[in-house]
Amino acid sequence: MFTHNIDDLQYIFDSAGKSVIVNDTKMNVIVTNPAISEYEERYIHSLQKVSRGDIVTLEGEKYISITESITKRGSKYKTLIRHLNATIKMKGEPTEIQIGENPYTGEPIYEYIEGEDFYIAAIVDNKSFSVNFNQPIILPNNQIEVIVQDNEINRSLFASGKDFSVIEKTWTVLNQDLSKSGLLILTCDNKI
């Protein structure tokens, strides 16, 4: 079987590749376009593995890898990335600090400090998540699907029953789907 010379491939990626950032690490990749669809998607080809759920910054825009190559294809990895079309602002947990005591009762006096807000890049859609070209399932009018990177912070911020605001509405997380490694897929209901 034909094998590629790694030095030749490295030369191609160095000379024709684009510089992107994958999870805060700079990487040279070759970017190709899939068929036009309703989503802003790109294929990236790389010499290093890009896993599902990795955040890719390409030309100043954030994308998430929605597929992954477990093994190399033609001596390189290939993954499909989809544009993160929304940023969700989540309030940080407030902390309380004792600043003194009531001189009459001895009870502590606390000062509450707002927690640092979290900004999470996400895909927000009114269709059920699908990587292939089959027709996705359309969700009811009062529901959306939110896709974020799967990590411990996002799992706790988007636990079932938690509320957040996006696209000028408040939503409640109904379900966390962890069936696609690297992605946290949420079904959310409009909080009216």
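Percentage of Cα-Cα pair distances in the range 45-115 greater than 15 Å, rounded to whole percent?
Of all Cα-Cα distances in the range 45-115, 69 percent exceed 15 Å.
Add -39500 (n - 2.57) for each DSSP H run of 4 or more in the chain, then divide by its residues: what number comes out at 222 nm, to the nearest 500 deg cm²/dmol?
-2500 deg cm²/dmol
Looking at Ile113, Gln48, Gln98, which one has the Cα that reaches farthest to the positive end of the dipole of the chain (charges on Cβ: Lys, Arg +1; Asp, Glu -1)?
Of the listed residues, the answer is Gln48.
Relative to the Cα centre, what is the charge dipole magnitude of the chain, using +1 at the beta carbon of each Lys and Arg, -1 at the beta carbon of each Asp and Glu, and rounding to the nearest 20 debye?
1080 debye
Would you pull out the residues with amide H under 5 Å of Asn85's amide H, same chain only if 5 or more places away, H placed 1.01 Å from N?
Under 5 Å from the amide H of Asn85: Ala122, Ile123, Val124.
Ordered by residue, what ³J(HN,Hα) values in Hz, to whole numbers, does the range 9-20 give under the Karplus form 6.51 cos²θ - 1.76 cosθ + 1.60, where θ = phi - 60° and Gly and Pro are x?
Rounded to whole hertz, the list is 4, 4, 4, 4, 5, 5, 8, 10, x, 10, 7, 10.
In cubic angstrom, how much convex hull volume per residue do the alpha carbon atoms of the chain span?
That works out to 172 Å³ per residue.
Beyond 29 Å between alpha-carbons counts as too far, so tell me which of Lys62/Lys169; Lys76/Lys162; Lys127/Lys162; Lys72/Lys162; Lys78/Lys162; Lys18/Lys169 fall in that bin.
Lys76/Lys162; Lys72/Lys162; Lys78/Lys162; Lys18/Lys169
Compare the Cα positions of Val166, Gln143, Gly74 along the charge dipole of the chain (+1 at Cβ of Lys, Arg; -1 at Cβ of Asp, Glu; about the Cα centre) and return the one farthest towards the positive end.
After comparing all options, I get Gly74.
Read the figures in this text as sums done on the coordinates, not as results from a lab. All values reported here derive from a predicted model rather than from experimental measurement. Positions of Cβ are backbone-derived with ideal geometry, glycine not excepted, and every protein chain shown enters the neighbour counts.
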